[in-house]
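A short worksheet on the structure shown next.
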Amino acid sequence: MKRPVLISITAFVALFILHHDFWNWGSTALVFGFMPVGLAYHVGYSIAAGLLWYLVCRFAWPHSLEKWADEPNTDTDH
């Protein structure tokens, strides 16, 4: 398995585990004086998930599969 794919899978599993932020469930703390800590956590989580998706598309995307899909269809049996 290629290294970028292995790193992507590991990061995905880490984000999956971090998504269940049970440590914030009972907290009444506010971030910046107005935002509940759970909401602030999920803002950061969403940014991390978007960054992970960008990095996966950039470094672990199967470009050979994309080239295959872009090839003209040579099948004459329509």
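Some observations on this one:
- Considering residues of the stretch 27-58 that are modelled with pLDDT under 95 and polar (S, T, N, Q) only, the residue surrounded by the fewest Cβ atoms within 10 Å (Cβ to Cβ): T28
- Test: residue in the stretch 12-26 that is surrounded by 10 or more Cβ atoms within 10 Å (Cβ to Cβ), in contact (Cβ under 8 Å) with a residue 12 or more places away in the chain and polar (S, T, N, Q): yes
- Selection of first residues in the stretch 36-61 that are among the hydrophobic types (A, V, I, L, M, F, W, C) and of second residues that are exposed (fewer than 11 other Cβ atoms within 10 Å of the Cβ) and not in a helix (DSSP H, G or I), restricted to Cβ pairs under 8 Å at least 6 apart or on distinct chains, gives the following pairs, ordered by first then second residue: V37/A29; A40/F32; A60/K2.
The values are calculated or read from the model by the stated rules, or taken from the named source; none is laboratory data. Remember, predicted model here, so these are calculated numbers, not experimental data. In this analysis, Cβ positions are derived from the backbone assuming ideal geometry, glycine residues included, and neighbour counts consider all displayed protein chains.
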